[in-house]
1. I'd like the carbon and sulfur percentage of the solvent accessible area for the chain, probe radius 1.4 Å, heavy atoms only, ligands and nucleic acids excluded.
2. Using Cα springs under 10 Å in a Gaussian network model of the chain, which residue among Gly352, Gly27, Gly44 shows the largest mean-square fluctuation?
3. Quote the relative contact order of the chain in percent (integer), defining contacts as alpha-carbon pairs under 8 Å separated by 6+ residues.
4. Label-point separation (nm) for Asp306 and Glu243, each offset 7 Å from Cα along Cα-to-Cβ?
5. Antiparallel versus total DSSP beta bridges in the chain: what percent is that, nearest 5?
6. Relative contact order, percent, of segment 306-396 when contacts are C-alpha pairs under 8 Å separated by at least 6 residues?
7. Before rounding to the nearest 500, sum -39500 (n - 2.57) across all DSSP H runs of length at least 4 in the chain and divide by the residue total; then give [θ] at 222 nm in deg cm²/dmol.
8. Could you compute the longest span of the chain free of GluC sites (Glu not before Pro) located in DSSP loops and having at most 11 other Cβ atoms within 10 Å, not counting the site residues?
Amino acid sequence: MATREVATLKLGHVELATPLLLAPIAGYCDLAFRTVCREYGGVGLACTDLLSPQGLLRGTATSLDLARTNEVDKPIGMQLYGSDPEIMAQGARWAVEHGATIVDINMGCPVDKVTKKDGGSALLTNLDRAVKLAERVVRELEKCPLDAEEWGKRIGGVRRQASGIGHQGSVSLGASSSRPVPLTCKMRLCWSDADYHAGNACSPHLARMLADVGVVGVTVHGRTTEMKFSGVVQLAGIARVVEEVGGRIPVIGNGDVREPEDAVRMMRETGCNGVMIGRGALSTPWLFRDTWSAMCGEAIPSTPDDAEKTAMMRRYFEMMREYRGDHYAMTQIRRRIAWFAKRMIRKDPVTGRIVGVKPLKEAIRVAVGPADVHVAFDRFAAGELNQFAEVDEAESGSV
Ligand SMILES: Cc1cc2nc3c(=O)[nH]c(=O)nc-3n(C[C@H](O)[C@H](O)[C@H](O)COP(=O)(O)O)c2cc1C
């Protein structure tokens, strides 16, 4: 099949191998999960979950766990939240010193704990504050540039996969061969539904002002803060940002991408330069691989079979144990099996009923330790737990 040329995504001097980004999803997109997605291929950039700069600077265990990365987990965006320019600037410096390829400011989180302190999407209600915050962080990043050798490490890690990723990301270095870590911002369309429907969304204006102060790219989740995660993503709202920015910086579209064609459609209908995928990846970590193939006009690789999915889940579980310990791995695998199970649903060839892997989920839910989890996978692989059962509520639920 013919291979189509797809424009690469450049965030400042950092060129990504694909225009597909793994979203920050607090509590889910940890180092182990990012690695799983990267191993399938197609991930141009992955991001940490939102990080508290105060927590990083104080060295609290939770913040350090969340910020954990390694040489394979590159390129990596580290996302900070907050509203105090000095603390955010120091947090950004910390991120540079601890492996970030990109620093991102969260301007989209709708959660009270964050917005009550003027962070996250509360910044959409005070554009002056948002722009000054970003400008202060850009200036701080300029003070701590990285040399060519370090940039080589920050951009590496993207592997050539069967899906045909043709190149690794790259970095263009100027004469001084020393460049700062670029800043991006992730936002929603605006705070209120009324503003959005009246044509007064602030995101186009904000994106343009952020470009003026040196932000190299913006991600736009096509919902308002009031929508939280309900309703349908508004592609027209993303398109307005693309139009207003006029190609000065790339705009990354985000929201409701569950299948490769959703991403293709988002790019076509909004003109955005890249697509960020969140919840879709939780059940389908190979979605980046498949989407990249679709974008390149290539055949979409075959879906991993149950044996491959089981091997992936085991590997994910073992990486969580290695990076975060058994307690964390056990808690996570119990919640995550429901997500992976969504892609193990099928039609029973005999009865025609829609069935899922309830017995496997149940065995993992009652597992007391890691050995039990592996026994559950062994039994599933041996067909002992392979009794597919009718799909229950949890299998069709979401985060
Ligand atoms: C449980 C949960 C946690 C999230 N955590 C973050 C976060 O830490 N930072 C952020 O910018 N967005 C966060 N998001 C928003 C996602 O990054 C993304 O913008 C949103 O889910 C829409 O994309 P999707 O439909 O592909 O999931 C979170 C979303 C969910 C559901």
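1. 51 percent
2. Maximum among the listed residues: Gly352.
3. Details: 820 pairs, mean separation 62.9, N = 399.
RCO, the chain: 16 percent.
4. So the label points at Asp306 and Glu243 sit 5.0 nm apart.
5. DSSP beta bridges in the chain are roughly 30 percent antiparallel.
6. 29 percent
7. My calculation for the chain gives -13000 deg cm²/dmol from helical runs alone.
8. Value returned for the longest uninterrupted segment is 72-399.
The values are calculated or read from the model by the stated rules, or taken from the named source; none is laboratory data. Here the structure is a predicted model, which is why all the values come from computation and not from measurement. Note that each Cβ is placed from the backbone with ideal geometry, even for glycine, and that neighbours are counted across all protein chains shown. To get the accessible areas, we keep the full protein, side chains included, count just its heavy atoms, and leave off ligands, DNA and RNA. Shrake-Rupley method; radii C 1.70, N 1.55, O 1.52, S 1.80 Å.
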